[in-house]
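The values are calculated or read from the model by the stated rules, or taken from the named source; none is laboratory data. From a predicted model like this one, the values you see are computed outputs, not experimental measurements. Counting neighbours? That spans all protein chains shown, and the Cβs are built from the backbone with ideal geometry, glycine included.
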Amino acid sequence: MCLGVPVQVVSVSGTFARCDGPEGALDVDVALVGPVLPGEWLLTFLGAARGRLEPDEAARIARALGALGAIERGETIDVAAYFPDLVDREPELPEFLRPKP
């Protein structure tokens, strides 16, 4: 399974960016997203950036990945701690799946 992982750009050299991610420093191919700057957040798949993220979106994804890791280790998780954006709200379908009026 391929999961998107949020990373933060530390430095840039050509079409590669040195980034900090959940498992430490790594080099990311940024050719698909264009020029990036230190401090930006990227969503990466298999060593390549596929999109830019806002800091809050990167944090939400990191929490969700943390929950998956905890479950994989057999830990009991507090769902509200890992997914606070889902607490106290009704589920919503994405726009493209909603019935047409």
Residue satisfying condition, being among the basic types (Lys, Arg) and either over 12 Å from the mean Cα position of the chain (by Cα) or outside any strand (DSSP E or B) (or both), within set ARG50, ARG18: ARG18
Which listed residue, of ILE71, ILE61, is within 30 Å of PRO38 (Cβ to Cβ) and aliphatic (A, V, I, L, M): ILE61
Scope segment 21-47; condition under 16 Å from CYS2 (Cα atoms) and part of a loop (DSSP other than H, G, I, E, B); matching residues: PRO22, GLU23, LEU46, GLY47
Residue list for segment 72-96, restricted to those being among the charged types (D, E, K, R), assigned to a loop (DSSP other than H, G, I, E, B) and either modelled with pLDDT under 90 or in contact with a Pro (Cβ under 9 Å, 6 or more places away or on another chain) (or both): ASP78, ASP88, ARG89, GLU90, GLU92
Filter result for GLY69 (assigned to a helix (DSSP H, G or I), over 10 Å from the mean Cα position of the chain (by Cα) and of a type outside the set (A, V, I, L, M)): yes
